[in-house]
Structures are given as C-alpha cells and as structure tokens.
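Just so it is clear, none of the values below were taken in a lab; they were calculated from the coordinates. Note that this is a predicted model, so its numbers are computed, not measured.
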Amino acid sequence: MKNKSIAILLALFLGGLGIHKFYLGSNVTGLLYFLFSWTFIPAILAIFDLVGLVLISEEAFNRKYNWSMLPQSSGNSQPMLSSDRITQTLFDLKKLYEQGVITAEEYEEKRQNFLNKL
C-alpha cells in the first residue's frame, strides 16, 4: 500500500533521481528520470510531480495507486467478486484513464493485473 506522505517526501528530496516514481510503481518513468538526472530536466519534472501529489486528494491518490486493495472475503484467500463488481472495477479503471488520472500504460498494466487476479 502506497502512502501519499512518503511519495511527497520522496518527490521533494529525491525527485530529480526519480525515486518517487519507483515508489509509486512507474518503474520505466523512474528509470528515465534516473538516467537523465544529470540534465536536471527530471528535477524540474519532479517539481510538477510534487505539486500534483500535494494537490491530489487522498481518495484520488488511493484510487490511482492503491486501487488493487480489494476487500477479502472471510475464510478464503481469494477475493469473492461478483460479475457486477468486476464490471464496475473495470469501468472505474477506464474512467480514471479517460479523466487523465492514469496514463494509457498504467491503465493497461492495472487492467491486466486485475484480470490476472481473477
């Protein structure tokens, strides 16, 4: 489970190296930040990331980064999801993508992870 406060601190102090991106699960972006850190462009981008993290609500942060934390049924290690719940989860994920909260890459990754867990 990702913590918004930790992400903000990482973006503030280590954002130019992309550490906050690694923490939030965007490994490719984090690697690009790290590789180009000598240009200081990632440091500038990290300022925008920091502002975005500060301004995003806790609920939106959890939807974007902790969305896979589904309630577990008692007595079973697998979550019991109805077809309506599955459809609603996929619909919500698509809505986040359409609203620009997550990128196309993040949308596809999260969708695949969710479907693989079924």
Length gained when the stretch Glu105-Leu90 is fully extended (0.36 nm per residue, less Cα-Cα span): 3.9 nm
Using the alpha-carbon atoms, what tilt in degrees (0 to 90, nearest 10) does helix 4-14 show relative to the longest principal axis of the chain? 20
Rule-of-thumb Rg ratio for the chain [Cα; 2.2 N^0.38 Å; N residues]: 1.18
If I histogram all Cα-Cα distances within segment 1-57 using bins 5 Å wide from 0, what percent of pairs lands in each bin? 5, 24, 34, 24, 9, 3, 0
